[in-house]
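Enquirer: Below you will find the structure I want to go over with you.
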Amino acid sequence: MLQSLTYAHLIAIAILLASWGSYGFVLGKFAQGTLSSKLSIVRLHWVMASADRVQKPFDGILLGHIINSVAFFGSATLLVLAGVIGLFASMTSIQEVVQALPFVAHTSIEAFAVNILVIGFLLTFSFFLFTYSLRKFVYLVAIVGALPTDSDHPKRHELFEAASIVLSEAIKSFNSGIRGYYYAIPALFLFVSPPMSIMATGLISFMLYYRQTRTKTAKAIDQFVEALVQDEVR
């Protein structure tokens, strides 16, 4: 199968997977981490505040909305993945229909199958990330329910930190699953041509990096976190 792929096709797939896999590392190396990692201190304060609140429906509603979102994306990804796998049942006819489009490059049936496999791989990985995130949230529900309300508890702060770590890890898995959808777009461009897929990979990566570092939201989060840190120092 690999013999039917051009070097440009293999390079485009390698750049796509490398950009997707190195996203977090690059942000941590050159942009002081992702917004999700910066918000870890905010989540710690949220857990601390939730334990001190007499009435807790607000925190339950927030967690419930997040868990519902994760469950929705997990089930939706499974449906999309089932559709992608179903393409293999009539590969030849689908290839003829797709390649009849004027902007789609003509490739071998093997190369066409590889394009679908790349999309399937991204969606499969995203599905596992969503389900893992959901499992972490299930752990979090039990942990939050067991948080001590006694201000004199000897391990109070350690328990808060442990709960915030589980919350951050659950959200991290969810965000990583969402990122798989973003990079599935350059995978679709493999059907057009390898250069177009490389360009789409670059544009998607730039958009994600820009949103994490240069937008008003990113700057506001940086300001919020900095204010919390300064308040702790005082």
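The values are calculated or read from the model by the stated rules, or taken from the named source; none is laboratory data. In this text, all values refer to a predicted model and were calculated from it rather than measured experimentally. Neighbour counts are summed over all protein chains in view; Cβ atoms, including those assigned to glycine, are modelled from backbone coordinates with ideal geometry. Surface areas here come from the heavy atoms of the whole protein model, side chains and all, with no ligands, DNA or RNA. Shrake-Rupley method; radii C 1.70, N 1.55, O 1.52, S 1.80 Å.
Enquirer: Conditions: (1) at pLDDT below 85; (2) surrounded by 15 or more Cβ atoms within 10 Å (Cβ to Cβ); (3) aromatic (Phe, Trp, Tyr). Trp46 meets all but one. Number of the miss?
Expert: Of everything listed in (1) at pLDDT below 85; (2) surrounded by 15 or more Cβ atoms within 10 Å (Cβ to Cβ); (3) aromatic (Phe, Trp, Tyr), Trp46 misses just condition (1).
Enquirer: Quick one: is Gly202 touching a Ser or Thr at 6+ places or on another chain (Cβ under 6 Å) and either buried (at least 16 other Cβ atoms within 10 Å of the Cβ) or not hydroxyl-bearing (Ser, Thr, Tyr) (or both)?
Expert: Criteria not met by Gly202.
Enquirer: To continue, here is another question. With respect to Leu188, determine if the residue is among the aliphatic types (A, V, I, L, M) and either buried (at least 16 other Cβ atoms within 10 Å of the Cβ) or in a loop (DSSP other than H, G, I, E, B) (or both).
Expert: Values: among the aliphatic types (A, V, I, L, M): yes; either buried (at least 16 other Cβ atoms within 10 Å of the Cβ) or in a loop (DSSP other than H, G, I, E, B) (or both): no.
No, not satisfied.
Enquirer: Another question about this same structure. For Thr201, are the conditions met, namely being more than 11 Å from Leu16 (Cα to Cα) and in contact (Cβ under 8 Å) with a residue 40 or more places away in the chain?
Expert: On the way: more than 11 Å from Leu16 (Cα to Cα): no; in contact (Cβ under 8 Å) with a residue 40 or more places away in the chain: yes.
Judged against the criteria, Thr201 is not a match.
Enquirer: Could you check His106 against (1) in a helix (DSSP H, G or I); (2) over 30 Å from Phe137 (Cβ atoms) and say which number it fails?
Expert: Failing condition for His106: (1).
Enquirer: Considering only residues that are closer than 26 Å to Ala71 by Cβ and without any contact (Cβ under 8 Å) to a residue 60 or more places away in the chain, look in segment 139-164 and name the one that is most open to solvent (accessible area, probe 1.4 Å).
Expert: So the residue we want is Tyr139.
This table checks each residue for (1) outside any helix (DSSP H, G or I); (2) open to solvent by 40 Å² or more (accessible area, probe 1.4 Å); (3) modelled with pLDDT of 85 or more; (4) farther than 29 Å from Thr131 by Cβ.
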{"residue": "Leu63", "(1), (2), (3), (4)": "no, no, yes, no"}
{"residue": "Leu81", "(1), (2), (3), (4)": "no, no, yes, no"}
{"residue": "Ala89", "(1), (2), (3), (4)": "no, yes, no, no"}
{"residue": "Glu96", "(1), (2), (3), (4)": "no, yes, yes, yes"}
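Enquirer: Just give me the residues in segment 28-43 being aliphatic (A, V, I, L, M) and at pLDDT below 80, in sequence order.
Expert: Taking segment 28-43 and keeping what is aliphatic (A, V, I, L, M), we get 31, 35, 39, 41-42.
Matches in segment 28-43: Ala31, Leu35.
Enquirer: I need a count of the residues in segment 115-146 that are under 30 Å from Pro195 (Cα atoms) and not aliphatic (A, V, I, L, M).
Expert: Of the residues in segment 115-146, 8 are under 30 Å from Pro195 (Cα atoms) and not aliphatic (A, V, I, L, M).
Enquirer: Quick one: what pairs do we get from segment 85-98, first residue farther than 12 Å from Asn115 by Cβ, second among the β-branched types (Val, Ile, Thr) and assigned to a helix (DSSP H, G or I), C-beta under 6 Å, 6+ apart or different chains?
Expert: If the second residue must be among the β-branched types (Val, Ile, Thr) and assigned to a helix (DSSP H, G or I), no pairs are left.
Enquirer: Restricting the search to segment 1-23, which residues are in a helix (DSSP H, G or I), open to solvent by 40 Å² or more (accessible area, probe 1.4 Å) and at pLDDT 80 or above?
Expert: Passing the criteria: Tyr7, Ala8, Leu10, Ile11, Ala14, Ile15, Leu17, Ala18, Gly21.
Enquirer: Considering only segment 112-135, state which residues are surrounded by fewer than 20 Cβ atoms within 10 Å (Cβ to Cβ) and in contact with a Ser or Thr (Cβ under 8 Å, 6 or more places away or on another chain).
Expert: The one that is surrounded by fewer than 20 Cβ atoms within 10 Å (Cβ to Cβ) and in contact with a Ser or Thr (Cβ under 8 Å, 6 or more places away or on another chain): Tyr132.
Enquirer: Restricting to segment 205-224, count the residues that are open to solvent by 50 Å² or more (accessible area, probe 1.4 Å) and either of a type outside the set (A, V, I, L, M, F, W, C) or under 17 Å from the mean Cα position of the chain (by Cα) (or both).
Expert: Number satisfying all stated conditions: 11.
Enquirer: While we're on this one: Mind listing whichever residues of segment 144-174 are assigned to a helix (DSSP H, G or I), hydroxyl-bearing (Ser, Thr, Tyr) and closer than 18 Å to Asp59 by Cβ?
Expert: Of everything in segment 144-174, those that are assigned to a helix (DSSP H, G or I), hydroxyl-bearing (Ser, Thr, Tyr) and closer than 18 Å to Asp59 by Cβ turn out to be Ser164, Ser168.
Enquirer: Additional query: What number goes with the only condition from (1) open to solvent by 40 Å² or more (accessible area, probe 1.4 Å); (2) of a type in the set (S, T, N, Q); (3) at pLDDT 85 or above that Thr107 does not pass?
Expert: The one condition Thr107 does not meet is (3).
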